[in-house]
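Bear in mind these aren't lab numbers, they're just calculated from the coordinates by the rules spelled out. Computed from a predicted structure; not experimentally measured. Because the Cβ atoms are built from the backbone with ideal geometry, glycine has one as well, and the counts that use them run over all protein chains shown.
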Amino acid sequence: MMRRVLVFLAVAGLAAALLPLALGTGVPEAPGALATAYLEDAPGDFGAANVVTAIVVSYRGFDTLGEVAVLFAATAGVGALLTRKRLGIGDAEPADKPAATEILVTATGLLTGLLVMFGVYIFLHGHLTPGGGFQGGVVIATALLLGLLARPESKLSHGILSAVESLSGAAYVGMGLAGAFLAWGFLDPRVLPLGRIGSLVSAGSIPVIYSLIGLKVGAELSGILDALKGDRE
């Protein structure tokens, strides 16, 4: 009985805390001053047709750096926890995994290349259309997930994943520092020519930054998926 009362009080307290937020939600009639400044200044400042990209990569670049750091910490934590030793498997051979169906194997062969190309397309065009490094990296990791499902006995090369993750992360920070020293701030894309807005080669270093983020996110998520198999040494 006491447990039910405590649960009820906890739910009621949470509802009371969230009620003002729920009552205050809605679509404003016009953007605020900060949003208006972003909408008006982003195309001219950074040459990016996608204003969201300009905000994520440049105006709030430190936030994006923090998100990448959080994903790296999650990858390291999952990799450290989901090892054979931690799972109590020891030196014993893991149980035989069921074979994948012919449909899954065939679909994997057809879709893997297309998914990788689509992921690359997403982060290369993030300054022009909706998308970017995180979304493109997730799509690439999905292609590797299909491979792991189709061939459960396969293992990813941790050396290659670590190299891609480390080099892309270091280059990403390097681009940020280049913006701080050669332009107007950390991750400022004006270290490279802005080009003509709407063209593929435009928005300064934003396509480069998004490509580095896409490679890093793809490698980190692929490492998590591989660790979830539970057969790491």
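Backbone phi angles across the range 184-199, fed through the Karplus curve with coefficients 6.51, -1.76 and 1.60 (θ = phi - 60°), yield HN-Hα couplings of 10, x, 4, 6, 5, x, 6, 5, 10, x, 6, x, 9, 4, x, 8 Hz in residue order; Gly and Pro are listed as x. Peptide packing: for 199-208, 163-172, 12-21, the average count of neighbouring Cβ atoms within 10 Å per residue gives the ranking 199-208, 163-172, 12-21, highest mean first.
The orientation-averaged projected area of the convex hull spanned by the Cα atoms of the chain comes to 19.2 nm². With neighbour counts taken as other beta-carbon atoms within 10 Å, the residues ASP45, ASP188, ASP63 rank, fewest first, as ASP63, ASP45, ASP188. In order along the range 102-116, phi translates into HN-Hα couplings of 5, 5, 5, 5, 5, 5, 5, x, 7, 9, 4, x, 5, 5, 5 Hz, rounded to whole numbers, per the Karplus curve 6.51 cos²θ - 1.76 cosθ + 1.60 with θ = phi - 60° and x for Gly and Pro. The residue among LEU115, LEU18, PRO189 whose Cα reaches farthest toward the positive pole of the charge dipole of the chain, with charges on the beta-carbon of Lys, Arg, Asp and Glu, is LEU18. Of the residues LEU23, LEU215, the one with the fewest other Cβ atoms within 10 Å heads the list, and the complete ranking is LEU23, LEU215.
Peptides 101-107, 219-225 ranked from most to least packed by the mean count of surrounding Cβ atoms within 10 Å: 219-225, 101-107. Directionally averaged projected area (the range 173-233, Cα convex hull): 5.6 nm².
From least to most packed, judged by other beta carbons within 10 angstrom and beginning with the fewest, LYS216, LYS229, LYS155 follow the order LYS155, LYS229, LYS216.
Each residue of the range 203-211 was assigned a 3J(HN,Hα) from its phi angle through the Karplus expression (A = 6.51, B = -1.76, C = 1.60, θ = phi - 60°), giving 6, x, 8, 4, x, 5, 4, 5, 5 Hz with x at Gly and Pro. Rg and Dmax of the range 116-233, both derived from C-alpha coordinates alone, stand at 16.0, 50 Å. Using Cβ point charges alone (K and R +1, D and E -1), the dipole size of the chain about the Cα centre works out to roughly 420 debye.
Computed over every Cα-Cα pair of the range 112-174 and binned at 5 Å starting from 0, the pair-distance distribution P(r) comes out as 4, 17, 18, 25, 20, 10, 4, 1 percent.
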